[in-house]
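Novice: Got a structure here, written out as structure tokens. Questions coming.
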Amino acid sequence: MIKKKVILIGDYSELNSKSMQNYALLYETVLKKKINIKLINPPKILSNFHLSIGILKKWLGYIDNYLIFGFMLFFLTKKNDIVHICNHSNSLFYPFIRSKKILITCHDLINIKRVFNLNNNNYPSLSLTGYIYQYLVIYFLKKFQLVICVSKNTQKELIKYLKFNKKKTIVINNSIDKQFMGIKKKPLKFKFKYFLHVGNNNFYKNKSGLIKIFNELIKYKKFINYKLILAGKKNSKDIKNIINKFSLEKKVLNIVNPSFNKLARLYMGAEALIFPSHEEGFGIPLIEAQYFECLVVTTNKMPMKEILGKSCIYINPKNLSKSAKLIYKNYYKKKKLIQLGKLNASNYYFDRISNKYLELYKNIS
């Protein structure tokens, strides 16, 4: 039994990082039945003012998150508490926390690598404040007692690029959200077959590449009447422009912020999840799709290869026509890959992963 209190520090709501918010809430909701655990999220104070100037609201949000909430943490945490910061981007909270038993989860090094131009993709440049922010994230990240990495690839990059001592890192994979468990198999019904993509509009998600691959796919007679559903964030202006460029307005649908139940039913009914990201820290939709017996198509690189093994179709999204051809030629393996995928997804069930956190907290206490 863990006698000391475990404090999870979540994300600021204005950041719109749904996956990070779900990560913290998931473990707080279920683990509180077993240990003394509490989730604390930065409150909206200054950013609550109704402002027409977006950039001003953004900076007031930073003050809320990193200054006001930082000072609050000094009083909200005690010396004997186990403090777990759930997002490495919040490493800046480190100097405000009194406890020395501090953990942090590193989800990916995508933006950190942009500081050193290590992404090998045509990513948008960081602003001056962006560089400063990422350098601060790195500076404080190195001070933590232990960094939890969500994949072996993230751990490897942490050691390689930031010269981390491997003994100060541990790998605990992400898990399928408990809210998906027990949802009855009842796919959403459409009058058409569809491919699915789940994710936000971040540049590394490669939605533009996805749409171009889909445009190549529907040139095959087998897929000519298929549609593409983009589930998650509302399509950005750039995404809409690409859809219009290829005259796919009637072929590409956008389902914004679906509930857990609706997303589950989208996975169930999809012909395949197409997930051509340039980079990921883990890639939660990959195992969610496999859990609901949906074929997965994704990028042939780490950490996707680490997470999925031989249970999916791999493509190189930089080669559009070849990617479409690989999907077409390997589609006959669908039933076998779905079976392998379902077995693979069982490695990421919540109970199995949450027990690793319980053991970790126990050893630290």
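The values are calculated or read from the model by the stated rules, or taken from the named source; none is laboratory data. Please read all numbers here as calculations on a predicted model, not as lab measurements. Cβ placement follows ideal geometry from the backbone for every residue including glycine, while neighbour counts extend to all protein chains displayed. To get the accessible areas, we keep the full protein, side chains included, count just its heavy atoms, and leave off ligands, DNA and RNA. Shrake-Rupley method; radii C 1.70, N 1.55, O 1.52, S 1.80 Å.
Novice: Between Y131 and S321, with labels modelled 7 Å along Cα→Cβ, what's the label distance in nm to one decimal, could you check?
Specialist: 4.1 nm
Novice: Round to the nearest 0.05 the FRET efficiency obtained for F75 and K100 when R0 = 22 Å and r is the Cβ-Cβ distance.
Specialist: The calculated FRET efficiency here is 0.85.
Novice: Moving to a separate point now. Quick one: P(r) of region 121-276 from all Cα-Cα pairs, 5 Å bins, percents rounded to integers, in order of increasing distance.
Specialist: P(r) for region 121-276, in whole percents per bin: 2, 7, 13, 15, 14, 13, 13, 11, 7, 4, 1, 0.
Novice: Okay, next question. Suppose only helical runs count, i.e. DSSP H with n ≥ 4. What mean residue ellipticity at 222 nm does that imply for the chain under -39500 (n - 2.57) per run, divided by all residues and rounded to the nearest 500 deg cm²/dmol?
Specialist: -11500 deg cm²/dmol
Novice: Ordering R114, R352 by how much accessible area each has at a 1.4 Å probe, largest first, what is the list?
Specialist: R352, R114
Novice: What's the ranking of 310-322, 163-175 by average number of surrounding C-beta atoms within 10 Å, highest first?
Specialist: 310-322, 163-175
Novice: Order the following by accessible area, largest value first: H278, H197. Probe radius 1.4 Å; ligands, DNA and RNA are ignored.
Specialist: Most to least solvent-accessible, the answer reads H278, H197.
Novice: Report the far tail of the P(r) of region 274-350, meaning the percent of Cα-Cα pairs longer than 14 Å.
Specialist: Result for the distance tail: 56 percent.
Novice: Applying the Karplus parametrisation 6.51 cos²θ - 1.76 cosθ + 1.60 with θ = phi - 60° to the phi angles of region 316-331, what ³J(HN,Hα) value in whole Hz is obtained for each residue in order, glycine and proline being reported as x?
Specialist: Listing the rounded values in order: 10, x, 6, 10, 5, 5, 5, 4, 4, 5, 5, 5, 4, 6, 9, 5 Hz.
Novice: Let me ask something else about it. If packing is taken as the average count of other Cβ atoms within 10 Å, what order do 180-188, 32-40 fall into, highest mean first?
Specialist: 32-40, 180-188
Novice: Taking the Cα atoms only, what angle lies between the long axis of helix 334-345 and the longest principal axis of the chain, rounded to 10 degrees?
Specialist: So the inclination is approximately 10 degrees.
Novice: Plugging the Kirkwood radius over Cα pairs into Stokes-Einstein for the chain, at a temperature of 25 °C and a viscosity of 0.890 mPa s, what D comes out in µm²/s?
Specialist: In µm²/s, the coefficient rounds to 113.
Novice: To continue, here is another question. Using the Cβ atoms and a cut-off under 10 Å, what net charge is assigned to the surroundings of T298, where Lys and Arg are +1 and Asp and Glu are -1?
Specialist: +1
Novice: What order do D351, D108, D64 take when sorted by accessible area (1.4 Å probe), most exposed first?
Specialist: Descending order: D351, D108, D64.
Novice: I've got another one for you. Calculate, for K184 and Q145, the FRET efficiency according to 1/(1 + (r/R0)^6) with r their C-beta to C-beta distance and R0 41 Å; round to the nearest 0.05.
Specialist: 0.40
Novice: How charged is the neighbourhood of Y314? Take every other residue with its Cβ under 10 Å from the Cβ of Y314, and add Lys/Arg as +1 and Asp/Glu as -1.
Specialist: Local charge sum for Y314: +3.
Novice: Using bins 5 angstrom wide from zero, how does P(r) for region 206-365 break down, in % of all Cα pairs?
Specialist: Taking all Cα pairs of region 206-365, the binned fractions are 2, 8, 16, 20, 21, 15, 8, 4, 3, 2, 1, 0, 0 percent.
Novice: What percent antiparallel are the DSSP beta bridges of the chain, to the nearest 5?
Specialist: In the chain, DSSP labels about 0 percent of beta bridges as antiparallel.
Novice: Follow-up question, since we're still on this one. Output the antiparallel fraction of DSSP beta bridges having both residues in region 203-335, as a percent to the nearest 5.
Specialist: 0 percent
Novice: I would also like to ask the following. Determine the relative contact order of the chain: mean sequence separation of Cα pairs under 8 Å and six or more apart, normalised by residue count, in whole percent.
Specialist: Over the chain, the number comes to 15 percent.
Novice: Another question, then. For region 215-352, give the percent of accessible area contributed by carbon and sulfur heavy atoms, probe 1.4 Å, rounded to a whole number.
Specialist: Carbon with sulfur: 51 percent of the solvent-accessible area.
Novice: A further question follows. Would you list which lysines come within 20 Å of K4, measuring only between C-alpha atoms, while excluding same-chain residues fewer than 8 positions from it?
Specialist: K32, K33, K34, K38, K78, K79, K100, K101, K356, K362
Novice: Then there's this: Ignoring ligands, DNA and RNA, what accessible area per residue does the chain give at 1.4 Å, in Å²?
Specialist: Value returned for the chain: 50 Å² of accessible area per residue.
Novice: Can you give me the relative contact order of region 219-365 as a percent, contacts being Cα pairs under 8 Å and 6 or more apart?
Specialist: 18 percent
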